[in-house]
1. What number goes with the only condition from (1) modelled with pLDDT under 90; (2) more than 20 Å from ALA60 (Cβ to Cβ) that PRO109 does not pass?
2. Taking into account only those residues within the stretch 31-48 that are outside any loop (DSSP other than H, G, I, E, B) and of a type in the set (A, V, I, L, M, F, W, C), which is surrounded by the fewest Cβ atoms within 10 Å (Cβ to Cβ)?
3. Pick from SER111, SER105, SER93: which is open to solvent by 30 Å² or more (accessible area, probe 1.4 Å) and polar (S, T, N, Q)?
4. Please determine, by comparing only the residues of the stretch 67-89 that are more than 13 Å from ARG103 (Cα to Cα) and open to solvent by 30 Å² or more (accessible area, probe 1.4 Å), which one is nearest to the chain's Cα centre (by Cα).
5. Here are some conditions: (1) modelled with pLDDT of 95 or more; (2) β-branched (Val, Ile, Thr); (3) farther than 29 Å from ILE141 by Cα. ILE87 meets all but one. Which one does it not meet?
6. Name every residue in the stretch 108-123 that is aliphatic (A, V, I, L, M) and under 20 Å from LEU153 (Cα atoms), in order of residue number.
7. Can you tell me which of ASP121, ASP130 is modelled with pLDDT of 90 or more and surrounded by fewer than 21 Cβ atoms within 10 Å (Cβ to Cβ)?
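The values are calculated or read from the model by the stated rules, or taken from the named source; none is laboratory data. Values in this document were obtained by computation on a predicted structure and should not be read as measured data. Neighbour counts are summed over all protein chains in view; Cβ atoms, including those assigned to glycine, are modelled from backbone coordinates with ideal geometry. Only protein heavy atoms, including side chains, enter the accessible area calculation; ligands, DNA and RNA are left aside. Shrake-Rupley method; radii C 1.70, N 1.55, O 1.52, S 1.80 Å.
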Amino acid sequence: MGLQTGRLAPPHRAEVPSGIYGGAGYGERVKPVPTKTSVLLFDSHEEVLSALAPRLKMVADLDVVGETGSLSRALDIAARVKPGLIIADFGPSGAYAAAMCARISQVSPESKLVVYTPFADEAMRQMYADAGATACLLKDIGSKGLVRELQHLISGDGASRASRPVRRGPGCGG
């Protein structure tokens, strides 16, 4: 009894939460198991990655699955992992940033793309939105503000990327 060679014996039924073996009994309700949202961080500034990654790893409903300063590596991770959120700073060039938004959106269309930038005027925000960004957040909101905004995006109404506007945050035209 107990352990068999190469296999674990199932636990005693009394030790197993309802819904595991045989499902919930008549009239019982089983809570869904909360899932974590996978996150890819892309920023060419190592200091930002070094500060942001540990902070996001402490958030219970986020799972940082990649962090990189390389665009080619970010594209590779996004294509393979298809994270729930991609947080990216593409640098100061609006046209370049919009083109990179479009590339990431193309390789991982299911991901919510958050442009995390030090500055974005209304025209840049519109370029990001047109290129597939879900949100534009300024770095001056701090890590607590970022976490709050990410959790808001995660719990969103499920509207399609095309119908969801880029969120207006401080300095993002709103």
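1. With respect to (1) modelled with pLDDT under 90; (2) more than 20 Å from ALA60 (Cβ to Cβ), PRO109 is out only on (1).
2. Here the residue is VAL48.
3. Answer to the selection: SER93.
4. Within the stretch 67-89, the first condition is being more than 13 Å from ARG103 (Cα to Cα), and the residues that meet it are 67-70, 80-85, 87, 89.
Still in the running and open to solvent by 30 Å² or more (accessible area, probe 1.4 Å): 67, 69-70, 80-82.
Details: GLU67: 12, GLY69: 17, SER70: 18, ARG80: 14, VAL81: 11, LYS82: 10 Å.
Filtering first and then ranking leaves LYS82.
5. (3)
6. The answer is LEU113, VAL114, VAL115, ALA120.
7. On the way: ASP121 fails: modelled with pLDDT of 90 or more.
Going through ASP121, ASP130 in turn, the sole match is ASP130.
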